[in-house]
1. If a residue has to be without any contact (Cβ under 8 Å) to a residue 40 or more places away in the chain and closer than 15 Å to residue 10 by Cα to count, how many in segment 60-83 make the cut?
2. Counting just the residues of segment 86-120 that are more than 12 Å from the chain's Cα centre (by Cα) and closer than 14 Å to residue 13 by Cβ, which one comes out surrounded by the most Cβ atoms within 10 Å (Cβ to Cβ)?
3. Might you check whether a residue that is under 14 Å from residue 126 (Cα atoms) and in contact with a helix residue (DSSP H, G or I) (Cβ under 6 Å, 6 or more places away or on another chain) occurs anywhere in segment 156-164?
4. If you check every pair at least six apart or on different chains, which have Cβ atoms under 9 Å apart with a residue in segment 211-231 that is on the phi > 0 side of the Ramachandran plot and in contact (Cβ under 8 Å) with a residue 60 or more places away in the chain first and a residue that is surrounded by fewer than 18 Cβ atoms within 10 Å (Cβ to Cβ) and assigned to a helix (DSSP H, G or I) second?
5. Scan segment 87-120 for residues that are within 18 Å of residue 26 (Cα to Cα) and either assigned to a loop (DSSP other than H, G, I, E, B) or without any contact (Cβ under 8 Å) to a residue 24 or more places away in the chain (or both) and report the count.
6. Conditions first: (1) within 19 Å of residue 7 (Cα to Cα); (2) surrounded by fewer than 24 Cβ atoms within 10 Å (Cβ to Cβ); (3) within 18 Å of the chain's Cα centre (by Cα). Residue 64 passes all but one, so which condition is the exception?
7. Do we find that residue 122 is under 24 Å from residue 220 (Cβ atoms), at pLDDT 95 or above and out of contact with any helix residue (DSSP H, G or I) (no Cβ under 6 Å at 6 or more places or on another chain) in this structure?
8. Anything in segment 219-252 that is touching a strand residue (DSSP E or B) at 6+ places or on another chain (Cβ under 6 Å) and at pLDDT below 95? List them, or say none.
């Protein structure tokens, strides 16, 4: 366990917490002494992560959560308040991408699912998190957007729309609470080595190297460092911002 006191006993919600970037953030925060409230659709993966954290001496609870359902989002925040009595921070990470298609060939169910999970899920989580943080005396929220919240790519209209929506919602909600003790920011990762990335690339870590100025994909820990900074007191004067973690892609 870390010797730092920055996160000791802080209560943090992480959605999509059992895989990829969410999992890495959970592990890092648990190692720093935070109390994790983990939401994830896959119950088996969530339970495995919970057991890993507890075996390492960390504190966490897990609840099956589908962020496209407002009731699930409300229940996850309620769990944090019931178990720990407060909410200090949140990383709204849950998201997905379906098959790459031009909009005329995008199935209606794919369009709905991507918007429901990626965008509406963020809005639902922020709604209930903000209420809990007001009751707790303030807090910090980081939403996981994407490089495609800042630029576009062919055959991804609903995904790009959802991620642009996250960036816009982050800025608007930050203004809502700028004088009320709640900071709201977003990270915009580029290609990051996660299970979902591996599904797209069939495990080829270098498939997109030529499209990244740094000529490599990122690692989850590099996103985690940005998330923890934005959630921490070190970023006390930062709200309504987007932090690109993309090897320079957004600069092009």
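The values are calculated or read from the model by the stated rules, or taken from the named source; none is laboratory data. Please read all numbers here as calculations on a predicted model, not as lab measurements. Backbone-built Cβ (ideal geometry, glycine too); neighbour counts: all protein chains shown.
1. 3
2. Step by step, filter segment 86-120, then rank; the result is 87.
3. Initially, segment 156-164 is screened for residues under 14 Å from residue 126 (Cα atoms), giving none.
Scanning segment 156-164, I find no residue that is under 14 Å from residue 126 (Cα atoms) and in contact with a helix residue (DSSP H, G or I) (Cβ under 6 Å, 6 or more places away or on another chain), so the answer is no.
4. Pairs that qualify, where the first residue is on the phi > 0 side of the Ramachandran plot and in contact (Cβ under 8 Å) with a residue 60 or more places away in the chain and the partner is surrounded by fewer than 18 Cβ atoms within 10 Å (Cβ to Cβ) and assigned to a helix (DSSP H, G or I): there are none.
5. Step one: filter segment 87-120 for residues within 18 Å of residue 26 (Cα to Cα), giving 87-95.
Restricting the remaining residues to those that are either assigned to a loop (DSSP other than H, G, I, E, B) or without any contact (Cβ under 8 Å) to a residue 24 or more places away in the chain (or both) gives 87-88, 93-95.
Qualifying residue count for the region: 5.
6. Of (1) within 19 Å of residue 7 (Cα to Cα); (2) surrounded by fewer than 24 Cβ atoms within 10 Å (Cβ to Cβ); (3) within 18 Å of the chain's Cα centre (by Cα), only one is false for residue 64: (1).
7. Numbers: under 24 Å from residue 220 (Cβ atoms): yes; at pLDDT 95 or above: yes; out of contact with any helix residue (DSSP H, G or I) (no Cβ under 6 Å at 6 or more places or on another chain): no.
So residue 122 does not fit the description; no.
8. 250 - this is the single residue of segment 219-252 that is touching a strand residue (DSSP E or B) at 6+ places or on another chain (Cβ under 6 Å) and at pLDDT below 95.
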